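In what follows, a single structure is set out as structure tokens and then discussed.
The values are calculated or read from the model by the stated rules, or taken from the named source; none is laboratory data. Bear in mind the structure is a predicted one, so any value in this text is a computation, not a measurement. Glycine also receives a Cβ, built like all others from the backbone with ideal geometry; neighbour counts cover every protein chain displayed. Surface areas here come from the heavy atoms of the whole protein model, side chains and all, with no ligands, DNA or RNA. Shrake-Rupley method; radii C 1.70, N 1.55, O 1.52, S 1.80 Å.
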Amino acid sequence: NAGFDVGALIAGLGIGGLAVALAAQDTVKNIIGGLIVFIDKPFRLGDIVKIGDIEGVVAYIGIRSTRVRTYAGRVITLPNAKFTESSIENITLEPSRRVVINLGLVYQTTPEKMNQAIELLKDIMKKSPHVNDIESIIFFEKFSDFSLDIKCIYFIHKNSNIFETQHEINLAILNQFNTEGLEFAYPTQTSY
């Protein structure tokens, strides 16, 4: 042992190794997460993903981290270890995008006008080339505090521009309802 206390040297190396291992723990988790991303391929560059409350376009995939550009234009760097701990929703792989609209009409709306509103919504869905009107669900949902509520669920085709299609549908609803005299409700109270 050449005059050294081997037990103290081994203990010192063990403590030093433990300190290095604890310091490198996050780096090792991120590298393993990166390998899982490269092998499993839950998403690719350019895919729209949702991880927790972060949604955006994958801009960079690295061995330690991945960058996602949000719709606000900000780039968020996520450590790859996060992908082993949380679920990843790859929006790009969905067959179609579901959109839910809740429309509230005034309480003075007659049953005939309510049916007319539902038929107008069905017609709007059929006329849009970007919407799968076969899967659309439109019905008189409930009596709310201030309105008679219609729920409209429709699906936008995968290759269509989601935001542009929503804009077109919403504008068509507004135009058709105004033309037919169907009034949207807002919070009101009647006092006697």
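Some observations on this one:
- Single unsatisfied condition, I48 versus (1) loosely packed, with under 12 Cβ neighbours inside 10 Å; (2) closer than 29 Å to N161 by Cα: (1)
- Filtered by the rule that a residue be closer than 16 Å to P95 by Cα and of a type outside the set (S, T, Y), the range 137-162 gives I153, F155, I156, H157, K158, N159, N161, I162.
- Residue in the range 137-162 that is nearest to Y107 (Cα to Cα), counting only those that are among the polar types (S, T, N, Q) and more than 20 Å from the chain's Cα centre (by Cα): S147
- Residue list for the range 12-34, filter: open to solvent by less than 50 Å² (accessible area, probe 1.4 Å), at pLDDT below 75 and in a helix (DSSP H, G or I): G12, G14, G16, G17, N30
- Lone qualifier among I118, I124, I138, I156 - being modelled with pLDDT under 95 and of a type in the set (A, V, I, L, M, F, W, C): I156
- Failed item in (1) at pLDDT 80 or above; (2) aliphatic (A, V, I, L, M); (3) within 30 Å of S160 (Cβ to Cβ), with V37 passing the rest: (1)
- Strands (runs of 3 or more DSSP E) contained in the range 64-122 and holding at least 3 residues open to solvent by 70 Å² or more (accessible area, probe 1.4 Å): none
- Residue within the range 142-155 that is part of a loop (DSSP other than H, G, I, E, B), open to solvent by 50 Å² or more (accessible area, probe 1.4 Å) and not aromatic (F, W, Y) present: yes
- Y60 vs. criteria surrounded by 15 or more Cβ atoms within 10 Å (Cβ to Cβ) and either part of a helix (DSSP H, G or I) or among the hydroxyl-bearing types (S, T, Y) (or both): no
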